[in-house]
Amino acid sequence: MVTRYEYFDSRNNRWNPYDAATCAFLESAEQANPNAIVQLQGLPFQVRFGQHARSQKMVSSTGILQVNVNTENSREVRRVAPMQPQQQQMVQVQVPPNAYPGMHVQARIPDGRTIDVPIPAGVMPGQ
């Protein structure tokens, strides 16, 4: 299973995944150098890791930042590690107020990790 990287889009307040090839590229770069700065192919964006996860406009709270090299506009990036099959467990999550089907929410599980949970159709806030 491949590690997933996601960027935060403040226009719709959602985390969006990078495509599989970009995820593999980012994982390779971060593993090779936890403070890497890499250029996304064909785009005016850098992804900055660790101590370099900052721009003129923001400092990353996740330790990974995507920066437009022309404007310095920046967005948070996060690494979502896949769960190993032996670590899978059933966890109940209460749907928060204002959540709707298809939306993704963050939930902390008993071992301290944060997971991304999609809200299924037919489930209402409070359930």
Degrees separating the helix 20-32 axis from the principal Cα axis of the chain, which is the longest one: 70 degrees
Per-peptide average of other Cβ atoms within 10 Å, ordering 90-99, 58-67 highest first: 58-67, 90-99
Ranked by how many other beta carbons lie within 10 Å on average, peptides 120-127, 72-79 from highest: 72-79, 120-127
Zone residues, segment 16-49, relative to Thr62, backbone N less than 11 Å from point 7 Å out along Cα-to-Cβ: 16-18
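Highest first, please rank the peptides 24-30, 102-108, 44-50, 10-16 by the mean number of other Cβ atoms sitting within 10 Å of their residues.
Working: 24-30: 16.7, 102-108: 12.4, 44-50: 18.6, 10-16: 9.7.
Ranking, from highest mean packing down: 44-50, 24-30, 102-108, 10-16.
If Lys and Arg each add +1 and Asp and Glu each add -1, what is the summed charge of the other residues whose beta carbon sits under 14 Å from the beta carbon of Ala36?
Details: positive: Arg48, Arg54, Arg79; negative: Glu27, Glu30.
Here the charged neighbours net out to +1.
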Inter-label distance, nm, simple model (7 Å from Cα along the C-beta direction), His104/Asn16: 1.2 nm
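Where a number appears in this text, it was derived from the coordinates with a stated rule and is not lab data. Note that the coordinates shown come from a computational prediction; the quantities given were computed from them, not determined experimentally. Ideal geometry is used to build each Cβ from the backbone, glycine not excepted, and the neighbour counts take in all protein chains shown.
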